[in-house]
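The structure under discussion appears below in the form of structure tokens.
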Amino acid sequence: MTGPSPDPESERESEREERKATSRRCIATGEVLPKPRLIRFVVGPENILVPDLEERLPGRGLWVSADRAALDRAVAKGLFSRAARATVRVPEGLADRLEALLAQRLVRQIGLARRAGKAVAGYEKVRSWLQNGTASVLLAAADGADEGRGKLRALAGGLPLVEVLRADEMGEAFGRDRAVHIAIARGGLAERILTESARLVGLRRFDLARPSPGTASDVAMAAGRNGT
């Protein structure tokens with residue numbers, strides 16, 4: 001004996017509610033995107049715009065794509081004030097400040113992975129993890145030399161490759177001056193590192209570093225393929 005057939009309309013409604021809970025509309029582009037591809041802002045005291053990277057601050061969220069062009073457009077056209085229906089004071093150099101915050105968050109996530117035994121740095125250790133299948137994400141310094149990069153990239157195969165941090169930033173996660181290669185083991189930390197990397201790619205200016213070959217959407221898609 002079989003149960004009642006599922007109601008197609010109920011299933012569609014459930015899917016719509018799920019998308020609504022996990023997606024938001026960018027005030028600059030109008031696109032509805034998954035939350036990990038957006039940055040949440042709130043209006044704080046004295047009507048100053050505040051980035052809410054943890055997505056926990058009280059108040060109505062104002063969401064913008066994790067993309068420098070979208071953020072610059074929102075600032076230039078007064079879209080934060082329009083969305084908030086009030087005059088919003090935007091801090092000077094918002095995009096640069098946000099880039100720095102995202103870089104710090106990514107470095108902290110890598111540091112957490114290191115302390116949990118889920119990350120290694122240095123060519124030989126990274127190569128060993130790639131060869132034995134421990135690594136699920138490969139990070140390479142955006143301003144690093146080409147030496148060894150191609151060999152590790154070949155070993156990485158289809159693994160996500162992230163080139164968004166400078167060597168000094170990657171080294172900070174390991175308590176050293178520089179790190180050019182880092183491997184991350186499979187798990188929740190790898191997923192969070194990919195999410196934070198995708199956000200930073202969209203905001204990072206590579207004036208003084210090697211341009212990343214990927215885009216924010218490339219890294220975000222890699223997070224899904226990684227299966228972490």
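A few notes on this one:
- Taking segment 54-70 as the range and being hydrophobic (A, V, I, L, M, F, W, C) and closer than 16 Å to Glu196 by Cβ as the test, only Ala66 passes.
- Long-range neighbours under 9 Å by Cβ, at least six apart or interchain, first residue more than 21 Å from Val107 (Cβ to Cβ) within segment 130-141, second in a strand (DSSP E or B): Leu130/Leu138; Leu130/Ala183; Thr134/Val120; Thr134/Ala183; Thr134/Ala185
- Considering segment 99-113, the residues that are buried (at least 18 other Cβ atoms within 10 Å of the Cβ) and more than 12 Å from the chain's Cα centre (by Cα) include one that is nearest to Met170 (Cα to Cα), namely Ile110.
- Lone qualifier among Ala74, Ala173 - being surrounded by 13 or more Cβ atoms within 10 Å (Cβ to Cβ), among the hydrophobic types (A, V, I, L, M, F, W, C) and assigned by TED's automatic domain parsing to the domain that holds Arg60: Ala74
- Test: residue in segment 20-43 that is modelled with pLDDT under 95, among the aliphatic types (A, V, I, L, M) and not assigned by TED's automatic domain parsing to the domain that holds Ser197: yes
Let's see how each residue does on (1) closer than 19 Å to Ala116 by Cβ; (2) touching a residue at least 40 places away in the same chain (Cβ under 8 Å); (3) assigned to a helix (DSSP H, G or I):
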site: Asp143; (1), (2), (3): no, yes, no
site: Glu169; (1), (2), (3): no, yes, yes
site: Gly175; (1), (2), (3): yes, no, no
site: Ala183; (1), (2), (3): yes, yes, no
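The values are calculated or read from the model by the stated rules, or taken from the named source; none is laboratory data. Here the structure is a predicted model, which means the values were calculated and not measured. Glycine gets a Cβ as well: all are built from the backbone with ideal geometry, and neighbour counts include every protein chain shown.
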